[in-house]
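Visitor: Take a look at this one; I'll ask things after.
The values are calculated or read from the model by the stated rules, or taken from the named source; none is laboratory data. Remember, predicted model here, so these are calculated numbers, not experimental data. Cβ sites come from the backbone with ideal geometry, for glycine too, and all protein chains shown count toward neighbours. Quick note on the areas: whole protein, heavy atoms, side chains included, nothing else; ligands and nucleic acids left out. Shrake-Rupley method; radii C 1.70, N 1.55, O 1.52, S 1.80 Å.
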Amino acid sequence: MIVATWNVNGVRARTDAVIAWFTERRPDIACLQEIKTQDEGFPREAFEALGYHVETHGQKGFNGVALLSKEKPEAVTRGLPGGEGDEQSRYIEGLWRINGKPLRVASIYLPNGNPVGTEKYPYKLDWMARLERHASDLLERYEALVLAGDYNVIPEPIDAKHPQAWVEDALFRPETRRAYRRLVNLGLTDALRATTDADGTYSFWDYQAGAWQKNNGIRIDHLLLSPEAASRLSGAGIDKHVRAWEKPSDHVPVLIDLTA
DNA sequence: ATGGCTAAGGCACTTAGA
């Protein structure tokens, strides 16, 4: 089965492209980020017509995450635990039962954190600490778990065309990478890096300055797997061709294949 | 990327993204 993550940069502006990709790829579970709409504005009928269940955690204008799936989830929770007064919609988690076995999948839109030096950067680091605590709790369940989304983290120099240009950026600063490593070191597997060590493997290309044409990209969209999920990993990939479509998102879908 | 583009809100321009 295919589990995918995609920051669509506005699902209303992107409905045709997102539907085209769903039709082509037919993911079993898809995690969307930056839907940029409240729940009632999500074009759910278009996806239901393709046979998908739609669960949203929207917000007016910015952020917003969703879980779309062929099978109806058994349970859904909205919001990352531990965020008293956090009004930003950046986390939704679903639980499915596939052939009697639990599969838990979260759609994550981790804060960008720029500009460093404003309140946005400590908000990012605090959010990452909350995610680490929650992941630690979930791992105690010993379930197949997929934490998928736009992490806004460049894990290693190989994950950027020009890593030196990012060293002071919130996506690549040492504190950011350290927090990301703490999360991974709980026992999670970066699905894409489990299947390839190739450089030039990116999930985001800026709209500006011909970044796409020059393959000036970064890899910031990740699927992190619990041991129970990692042992079922049979492939991982990036649907890079989607970036060349009309009116594309600046991110492309990243996906994994899990054996039953 | 010290920002060249894009989406959304709401109707001229600002905010946010990475």
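Visitor: Could you please state, rounded to a whole Å, how far the C-alpha centre of the stretch A:1-75 is from the C-alpha centre of the stretch A:233-253?
Guide: That distance is 15 Å.
Visitor: What order, most packed first, do the peptides A:41-50, A:148-157 have when packing is the mean number of other Cβ atoms within 10 Å of each residue?
Guide: In descending order of packing, they fall as A:148-157, A:41-50.
Visitor: Report the local net charge at residue A:130: Lys and Arg +1, Asp and Glu -1, summed over other residues whose C-beta lies under 14 Å from its C-beta.
Guide: That works out to -2.
Visitor: Now for a separate question. When the solvent-accessible surface of protein heavy atoms is calculated with a 1.4 angstrom probe, in what order do A:240, A:36, A:72 fall, highest first? Write down the numbers at each step before the final one.
Guide: Numbers: A:240 80, A:36 60, A:72 135 Å².
Solvent-accessible surface, decreasing: A:72, A:240, A:36.
Visitor: Quantify, in whole percent, the carbon and sulfur part of the accessible surface of chain A (1.4 Å probe; protein heavy atoms only).
Guide: Exposed carbon and sulfur together represent 49 percent of the surface.
Visitor: I'd like the Karplus ³J(HN,Hα) series for the stretch A:123-139: coefficients 6.51, -1.76, 1.60, θ = phi - 60°, whole numbers in Hz, and an x wherever there's a Gly or Pro.
Guide: Along the stretch A:123-139, the couplings run 4, 4, 5, 5, 5, 5, 5, 5, 5, 4, 4, 5, 4, 4, 4, 5, 5 Hz.
Visitor: Now a separate question. Pairs of alpha-carbon atoms within less than 8 angstrom and 6+ residues apart define the contacts here; what relative contact order does the stretch A:2-258 have, in percent? List each step's numbers first, then the result.
Guide: Numbers: 591 pairs, mean separation 49.2, N = 257.
Reported as a whole number, the value is 19 percent.
Visitor: If you don't mind, another one. Taking the solvent-accessible surface of protein heavy atoms with a 1.4 Å probe, what is the per residue accessible area of chain A in Å²?
Guide: 43
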